[in-house]
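Visitor: Here's a structure for you.
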Amino acid sequence: MPERLMDMLMDTWTPLIILWITVLPSIYMAPMNQSQVLPSGSSTGLKRLTEEQRVLNRSKRGWVWNQMFVLEEFSGPEPILVGRLHTDMDPGSSKIKYILSGDGAGTIFVINDKTGDIHAMKRLDREEKAEYTLTAQAVDRDTNQPLEPPSEFIIKVQDINDNAPEFVDGPYHATVPEMSVVGTFVTKVTATDADDPVYGNSAKLVYSILEGQPYFSIEPHTAIIKTALPNMDREAKEEYFVVIQAKDMGGHMGGLSGTTTVTITLTDVNDNPPKFAQSLYHFSVMEDVALGEPIGRVKANDLDTGENAKSSYDIIEGDGMDIFEITTDAQTQDGVIRVRKPLDFETKKSYTLKVEAANIHIDPRFISGGPFKDTATVKIVVEDADEPPVFSSPTYLLEVHENAAINSVIGQVTAHDPDVSSSPIRFSIDRHTDLERQFNINAEDGKITLATPLDRETNMWHNITIVATETRNHSQVSRVPVAIKVLDVNDNAPEFASEHEAFLCENGKPGQVIQIVSAVDKDDPKNGHYFLFSLLPEMVNNPNFTIKKNEDNTLSILAKHSGFSRQKQEVYLLPIIISDNGNPPMSSTSTLTIRVCGCSSDGIVQSCNVEAYVLPIGLSMGALIAILACIILLLVIVVLFVTLRRHKNEPLIIKDDEDVRENIIRYDDEGGGEEDTEAFDIATLQNPDGINGFLPRKDIKPDLQFMPR
């Protein structure tokens, strides 16, 4: 209590003490110690001091001599005396004139040019300008000659507590987890004071809470806000409104203050378990519901939010654990019950399940509070529905031999109505799967019969669809696929795999393999194919060729002797009987064509034609054709040349006996008979060009040539 009283007294008397220290030394100390009021450049007007005096003067200086102070916001009827300038060159007469220049000289600060007194003419604000730099000089009043060099000094504006603290960043928003322990950090606020933080307590701030207790507290000097109560529950109250005050003067009486608000929100933690809205749920479902369809929803409510409120559902007990499943709806957090397997009203009419909801994210700090899960019972009633017929098998596989008789039964399908009424069933074939109508079915008993002959080599598999329809309700239809496999019987004889043509060299040796042939059979015996090869009975003792069965089910054709000649016989035909090992065995006769050819010494076939003998030099047929073409071309050229020569030898002037113009000349003058030769010139009529004096000669060839057509 004594300390607080002393602080209050100091706060009250501090401005008066400052004023006394600032003003009075400037007025009354100047005559006693000129170094405190004179500028630093006035050494010329100062007397020399002894070393003892210089030391004594330094020890007496309690403030800086080149500074003056003035209290801010000070106002009165008269200007404020800031200080006085004086020089020892002033004998007391009025010959010295004091001049002031610099910041605010003449406007804010005015000097008495006779006495050197400096007055502040205006009210000053330290927050606008904290100090002023001025220059003082003493001159001769008559001549204006400087008596001393100019000297610079500073007038500082002394602070008073005239600015209240401000929260620049306010209002504030902060969060803290619910159920936090006492002293948990929430946030920190900051206030600023425009007053001088160095001088006095004007900018010394102290923080306190005006509203928000007892939930939160604040450190007076650091402004850190902390929780003050334990176990604050978000579900009870989520948001708090706190008012913070900052007061200067160290928080003492007379200080200025500012306030701000802090909105504190409690964030959620997982401190609440899920809870079902009801302990028993009832659902009903039709027995023909599709798999995966939802049949009902259960809901476990959680007072928490976000991730802390998410739960997973599971079926932990019941007689339908393998029939039903439960999943979590991510949007609504509901438990969705779905059907996993088909339901059958006639087999089981109801189910009882026990479902559990458990939190996914559990906070280990609250495990001791109990299990974060809950259970509920679900009863599901299955309702009867008119179901379609059910086949005894989902698919059928039937086998039939390809030589089965028409109308023979190849198999049977069965179906029944699962409903209690048990409607009769009628069977039919979907003709879209049997376009050739090879099968029929008995509508009453479902027996499938053969309608047309089968051929395994043409189509080994037949896939048809059987339709079962209730006679009482034709909309109840079921379908089942039936695969019919056609079994093989030995009904195809083997034959050559391809049309073989063998080539025999004239210079071949006895026993030489001429050709290796293979056989194929369209049938497919279980143990594979085995072929027997033989010659016709009348060809068994063939003098030219023989056969040999190979281990790989092929046949080799061999020559019995050498000396085959194309001139003697160019082609040989060798019939071969091929038999299989079926029951009964099937056989066929295929003829192998053997052509005699001329070969090189290496056995390479060169020519197989008889006309090659016509060319003793060994020309091939291609060379012979080329020679004939050249001959024909030469003949054509000769004919063209003769034709051209013939056209060139024809005369260009018409002969006398071919001149037809002589027969068409008519005139009415009577001549003198054969003796009159002067009337007309017949040559002129024969050649009109003769009139002009040009008469062609017939005894020479003309120069102008005409191209023949």
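The values are calculated or read from the model by the stated rules, or taken from the named source; none is laboratory data. This structure is a prediction, so every number in the text was calculated from the model and none was measured. Positions of Cβ are generated from backbone atoms using ideal geometry, with glycine treated the same way; all protein chains shown enter the neighbour counts. Quick note on the areas: whole protein, heavy atoms, side chains included, nothing else; ligands and nucleic acids left out. Shrake-Rupley method; radii C 1.70, N 1.55, O 1.52, S 1.80 Å.
Visitor: Output yes when any residue across the stretch 467-483 is in the same structural domain as Thr593 (by the TED database) and among the hydroxyl-bearing types (Ser, Thr, Tyr), and no when none is. It would help to see each step written out before you state the result.
Guide: Initially, the stretch 467-483 is screened for residues in the same structural domain as Thr593 (by the TED database), giving none.
No - not one qualifying residue is present in the stretch 467-483.
Visitor: Among the candidates Val168, Val182, single out the residue that is surrounded by fewer than 20 Cβ atoms within 10 Å (Cβ to Cβ), within 60 Å of the chain's Cα centre (by Cα), in contact (Cβ under 8 Å) with a residue 40 or more places away in the chain and assigned to a loop (DSSP other than H, G, I, E, B). Full working, then the answer.
Guide: Values: Val168 fails: in contact (Cβ under 8 Å) with a residue 40 or more places away in the chain.
Selected residue: Val182, the only one of Val168, Val182 that is surrounded by fewer than 20 Cβ atoms within 10 Å (Cβ to Cβ), within 60 Å of the chain's Cα centre (by Cα), in contact (Cβ under 8 Å) with a residue 40 or more places away in the chain and assigned to a loop (DSSP other than H, G, I, E, B).
Visitor: Follow-up. Strands (runs of 3 or more DSSP E) wholly in the stretch 352-452 with at least 2 residues that are surrounded by 14 or more Cβ atoms within 10 Å (Cβ to Cβ) and in contact with a Leu (Cβ under 6 Å, 6 or more places away or on another chain) - which ones? Steps first, please.
Guide: Working: elements: 373-383, 396-401, 409-412, 425-429, 439-441, 447-450.
Qualifying strands (runs of 3 or more DSSP E): 373-383, 409-412.
Visitor: I'm told Thr465 meets every condition in (1) touching a residue at least 60 places away in the same chain (Cβ under 8 Å); (2) open to solvent by 20 Å² or more (accessible area, probe 1.4 Å); (3) not aliphatic (A, V, I, L, M) except one. Can you identify the failing condition by its number?
Guide: Condition (1) is where Thr465 drops out.
Visitor: Can you name every residue in the stretch 191-211 that is touching a strand residue (DSSP E or B) at 6+ places or on another chain (Cβ under 6 Å) and assigned to a loop (DSSP other than H, G, I, E, B)?
Guide: Ala191, Leu205
Visitor: With respect to the numbered conditions (1) under 21 Å from Arg84 (Cα atoms); (2) in a loop (DSSP other than H, G, I, E, B); (3) not charged (D, E, K, R), which one is the sole condition not fulfilled by Ile155?
Guide: (2)
Visitor: Quick check: anything in the stretch 266-274 open to solvent by 40 Å² or more (accessible area, probe 1.4 Å) and of a type in the set (D, E, K, R)?
Guide: The initial filter retains those residues of the stretch 266-274 that are open to solvent by 40 Å² or more (accessible area, probe 1.4 Å), namely 267, 273.
Still in the list and also of a type in the set (D, E, K, R): none.
Taking every residue of the stretch 266-274 in turn, none turns out to be open to solvent by 40 Å² or more (accessible area, probe 1.4 Å) and of a type in the set (D, E, K, R).
Visitor: Open to solvent by less than 30 Å² (accessible area, probe 1.4 Å) and not hydroxyl-bearing (Ser, Thr, Tyr), is that true of Gly598? Let's see the steps before the verdict.
Guide: On the way: open to solvent by less than 30 Å² (accessible area, probe 1.4 Å): yes; not hydroxyl-bearing (Ser, Thr, Tyr): yes.
Criteria met by Gly598.
Visitor: If the Cβ limit is 6 Å and pairs must be 6+ apart or interchain, which residue in the stretch 246-268 that is farther than 23 Å from Leu229 by Cα pairs with which residue that is open to solvent by 30 Å² or more (accessible area, probe 1.4 Å) and of a type in the set (Ser, Thr, Tyr)?
Guide: Filtered contacts from the stretch 246-268: Lys247/Ser257.
Visitor: Name the single residue that is surrounded by the most Cβ atoms within 10 Å (Cβ to Cβ) among those in the stretch 61-105 being of a type in the set (Ser, Thr, Tyr) and modelled with pLDDT under 80.
Guide: Applying the first criterion (of a type in the set (Ser, Thr, Tyr)) to the stretch 61-105 yields 75, 87, 93-94, 98, 101.
Filter again for modelled with pLDDT under 80, leaving 75, 87, 93-94.
Working: Ser75: 9, Thr87: 22, Ser93: 7, Ser94: 10.
Going through the qualifying residues, I end up with Thr87.
Visitor: Shifting gears a bit: So which residues in the stretch 477-492 are more than 14 Å from Pro453 (Cα to Cα) and assigned to a loop (DSSP other than H, G, I, E, B)?
Guide: If the condition is that a residue be more than 14 Å from Pro453 (Cα to Cα) and assigned to a loop (DSSP other than H, G, I, E, B), then Asn490, Asn492 are the ones that fit.
Visitor: Still on this structure, please answer the following. Please verify whether Glu499 is touching a residue at least 12 places away in the same chain (Cβ under 8 Å), under 21 Å from Val605 (Cα atoms) and not assigned by the TED database to the domain that holds Pro394, treating the condition exactly as stated.
Guide: No.
Visitor: Shifting gears a bit: Out of the residues in the stretch 277-321 that are within 15 Å of Glu383 (Cα to Cα) and aliphatic (A, V, I, L, M), which is most open to solvent (accessible area, probe 1.4 Å)?
Guide: Here the residue is Met286.
Visitor: Which one is farthest from the chain's Cα centre (by Cα) among residues in the stretch 278-302 that are assigned to a loop (DSSP other than H, G, I, E, B) and small (Gly, Ala, Ser)? Don't jump to the end; show me each part of the working.
Guide: Our first condition is that a residue be assigned to a loop (DSSP other than H, G, I, E, B); within the stretch 278-302, this holds for 278-279, 287-293, 302.
From the residues that got through so far, the ones that are small (Gly, Ala, Ser) too are 279, 290, 292.
Values: Ser279: 47, Ala290: 35, Gly292: 30 Å.
Ranking the qualifying residues of the stretch 278-302, first place goes to Ser279.
Visitor: Consider Lys237 against the criteria (1) over 28 Å from Glu166 (Cα atoms); (2) open to solvent by less than 60 Å² (accessible area, probe 1.4 Å): it satisfies all of them except one. Which criterion is unmet?
Guide: The one condition Lys237 does not meet is (2).
Visitor: Out of the stretch 344-374, which residues are modelled with pLDDT under 90, under 46 Å from the mean Cα position of the chain (by Cα) and hydrophobic (A, V, I, L, M, F, W, C)?
Guide: Ile360, Ile362, Phe366, Ile367, Phe372
Visitor: Which of the strands (runs of 3 or more DSSP E) contained wholly in the stretch 499-562 include at least 1 residues that are open to solvent by 50 Å² or more (accessible area, probe 1.4 Å) and either on the phi > 0 side of the Ramachandran plot or not acidic (Asp, Glu) (or both)? Steps first, please.
Guide: Numbers: elements: 501-505, 513-520, 532-535, 545-549, 554-559.
Here the list reads 501-505, 513-520, 532-535, 545-549.
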